[in-house]
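Notes follow once the structure below has been shown.
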Amino acid sequence: RAHLDRIRDVDGDVHAFLHVNDQALEVAADIDRRRVAGEELGALAGVPLAIKDVLVTTDMPSTSGSRILEGYMSPYDATVVSRSRAAGLVPLGKTNMDEFAMGSSTEHSAYGPTRNPWDLDRIPGGSGGGSAAAVAAFEAPLALGSDTGGSIRQPAHVTGTVGMKPTYGGVSRYGAIALASSLDQVGPVTRTVLDAGLLHDVIGGHDPHDATSLEDVWPSFADAARDGATGDVLRGLRVGVIAELPDSGFQPGVSLRFRAALDAMAAQGAEIVEVSAPHFEYGVAAYYLILPAEASSNLAKFDSVRFGMRVIPHAGATVEEVMAATREAGFGDEVKRRVILGTYALSAGYYDAYYGSAQKVRTLIQSDFDAAFSQVDVLATPSAPTTAFRLGEKLDDPLQMYLNDVTTIPANLAGVPGISIPAGLAPEDGLPVGIQFLAPARQDARLYRVGAAVE
Ligand code: GLN
């Protein structure tokens, strides 16, 4: 009830939610009855959960921030949603996002932007700005996001929250409306590292419905976070800083908070090591070929026949005319831009030059990570180059928007886990800054240990 009241009071300004669950109190009451009846319930039973609208739900519309899916009701729940329900979490609503998760500011939502609770004239990050803003504004204690190039970690950075992108295959993508299938991962957005670990324990693990789901048995991430908060995990920890990541391009306050966090770790016994990752800086270029290529094929299913909107331009229109009119009306500019980029990059004659080269860069980035992780336990970077920018500031300049993800994208290209932890405020604007830690694939628990020790 307190969270619903808070949503009523502040969401008119923040606009974190696209839909609020009118059944939330009944679901909560039911869980309470089960508890009173003596049922063994998990640690998060009864806790409200905000769900990014990229995740399909049977009881609330799922639009992925797009007009083309306005009002769309899914016949099934995403695995992360069904697991959350089974653990007794109470779905609070669906959160706003850039259309089909394309963006870094939530300004590309077809339903209007979300605003950063720290300063309503500023962006909450993207694409999962709604989830991060809901948590930062105390509208929800926990949220689910998705991260294809940074959409969990960058919103966490600009809103002073914790965002975790798991190892690729660690959390099911079943029922996550696909942006780029080889990059997408679902994960938690929370206020503390322990909260993220608790939620990750609920949603993670093998799912036969997702062909890329790992069959690993994972350790408890909540236990890892508790261990990090109480143990002496920083002593002897080797923390890699990437030599090629230029200090320029980063806002001074972001660099300052990053260096201060490293100094604090060193004071507790961590060893800060400079490592080389020469291909890291080509991540954005490779990503903006691979992502549009995959996205253009994934979005081909919005054909006016199987899902969502249908526009009939005139009587007697052909199938092609209906499809074209529907996609013209249903997709926003950024989606169209990426479909055009993707189909171009995949076309005969260009495939090797663009998509093929991008895949080679992806392999080089993976080898950079392998080499780095032979020398250090974790890598550390600022989570994004700047604090929250103003609404509208980068909207007309897609390249500036894309460059936001310079430090987050490599993890998606390599499939490794990454976490963004609040690292204080930038002195020049008083806005939150995050520090990102990256670990080898499957070592998600290490990030919870280190994250909880640092926060
Ligand atoms: N900002 C990046 C993009 O626009 C990342 C998006 C994401 O992680 N979903 O593609």
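The values are calculated or read from the model by the stated rules, or taken from the named source; none is laboratory data. Quick caveat, the model's predicted, so the values are computed rather than measured. Because the Cβ atoms are built from the backbone with ideal geometry, glycine has one as well, and the counts that use them run over all protein chains shown.
Before moving on, here are some points about what is shown:
- Filter pass, V322 being in a helix (DSSP H, G or I), touching a Ser or Thr at 6+ places or on another chain (Cβ under 8 Å) and either over 16 Å from S64 (Cα atoms) or not aromatic (F, W, Y) (or both): yes
- Qualifying residue in the range 15-22 (condition: under 18 Å from A87 (Cα atoms), exposed (fewer than 14 other Cβ atoms within 10 Å of the Cβ) and free of Cβ contacts under 8 Å to residues at least 60 places away in the same chain): no
- Condition broken by R390, with the remaining ones in (1) of a type in the set (D, E, K, R); (2) surrounded by fewer than 23 Cβ atoms within 10 Å (Cβ to Cβ); (3) within 23 Å of V273 (Cβ to Cβ) satisfied: (3)
- Of all the listed residues (G150, G163), the sole one being within 11 Å of the ligand (Cβ to nearest atom), assigned to a loop (DSSP other than H, G, I, E, B) and buried (at least 23 other Cβ atoms within 10 Å of the Cβ) is G150.
- Residues satisfying the stated conditions in the range 15-42, i.e. over 26 Å from the mean Cα position of the chain (by Cα), assigned to a helix (DSSP H, G or I) and not acidic (D, E): L25, V27, A28, A29, I31, R33, R34, R35, V36
- In the range 197-210, the count of residues that are within 23 Å of G424 (Cβ to Cβ) and either outside any loop (DSSP other than H, G, I, E, B) or more than 16 Å from the ligand (Cβ to nearest atom) (or both) is one or more.
- Taking each residue of the range 101-114 that is within 14 Å of D405 (Cβ to Cβ) and looking for partners that are more than 15 Å from the ligand (Cβ to nearest atom) with beta-carbon atoms closer than 6 Å, six or more apart or interchain, yields nothing.
- Comparison of T114, T63 shows that the only residue that is within 30 Å of G430 (Cα to Cα), assigned to a loop (DSSP other than H, G, I, E, B) and of a type in the set (V, I, T) is T114.
- Among the residues of the range 27-34, none qualifies, meaning not one is over 12 Å from V90 (Cα atoms), crowded, with 19+ Cβ neighbours inside 10 Å and out of contact with any helix residue (DSSP H, G or I) (no Cβ under 6 Å at 6 or more places or on another chain).
- Qualifying residue in the range 124-141 (condition: within 16 Å of the ligand (Cβ to nearest atom) and within 28 Å of R33 (Cα to Cα)): no
- Subset tally (residues that are touching a His at 6+ places or on another chain (Cβ under 6 Å) and touching a residue at least 24 places away in the same chain (Cβ under 8 Å)) for the range 212-241: 2
- Matching strands (runs of 3 or more DSSP E) fully within the range 365-455 where at least 3 residues are within 16 Å of A132 (Cβ to Cβ) and at pLDDT 95 or above: 418-425, 432-438
- Flag for H157 being at negative phi, crowded, with 24+ Cβ neighbours inside 10 Å, within 10 Å of the ligand (Cβ to nearest atom) and not β-branched (V, I, T): no
- Among the candidates V319, V311, the residue that is free of Cβ contacts under 8 Å to residues at least 60 places away in the same chain and surrounded by 14 or more Cβ atoms within 10 Å (Cβ to Cβ) is uniquely V311.
- All positions within the range 229-268 that are of a type in the set (S, T, Y) and loosely packed, with under 15 Cβ neighbours inside 10 Å: T230, S248
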